[in-house]
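Some notes on the structure that comes next.
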Amino acid sequence: MRARLVVATATLFVFAVPGSARDIGHEEALRLRRGGELLALEKLLGRAFVLHPDATLLEAELEREDGALVYELEILTADGEVRELEFDARSGTLLSDEAED
């Protein structure tokens, strides 16, 4: 049920906000990864877990935001806080680390 809610919400958001993020499908992600255009998700998960030890991954998405490839990671920290981290998928730069509402 949660997965359906997330997909429905993400779809609504993509179509409701001009210039918003566009999800990258698995085939395109594989092509980009093989072409060396983005870092492996595992590298960025490692960085997320350094920032938030003992966290659990809840969701990971690869999106194109204003032409940039961005990994969006939703994690549950050890103290029960849900956080959303965004990383530049090409450089690995942390773009944001925010608590979810």
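How far is it, in nm, from the label point at residue 40 to the one at residue 90 when both lie 7 Å from their Cα along the line to the Cβ?
With each label placed 7 Å out from Cα toward Cβ, I get 2.2 nm.
Local charge sum around residue 25 (other residues, Cβ-Cβ under 12 Å, Lys/Arg +1, Asp/Glu -1)?
Working: positive: 22, 31, 64; negative: 23, 27, 28, 61, 63.
Here the count lands on -2.
Relative to the present Cα-Cα distance, how much length would full extension add between residue 79 and residue 65 at 0.36 nm per residue of separation? It would help to have the intermediate numbers written out before the result.
Numbers: separation 14, 0.36 × 14 = 5.04 nm, distance 3.02 nm.
Result: 2.0 nm gained on full extension.
Grab every C-alpha pair in the range 45-101, bin the distances at 5 angstrom width from 0 up to the longest one, and report whole percents.
5, 21, 32, 23, 13, 5, 1
What's the extension gain from residue 51 to residue 31 if we count 0.36 nm per residue and subtract their Cα-Cα distance?
Working: separation 20, 0.36 × 20 = 7.20 nm, distance 2.89 nm.
Length gained, residue 51 through residue 31: 4.3 nm.
Quick note: the coordinates plus some simple rules give every number you see, no bench work behind them. The shown structure was predicted, so the numbers you read here are calculated from the model rather than taken from an experiment. FYI the Cβ positions are ideal-geometry reconstructions off the backbone, even for glycines, and counts take in every protein chain you see.
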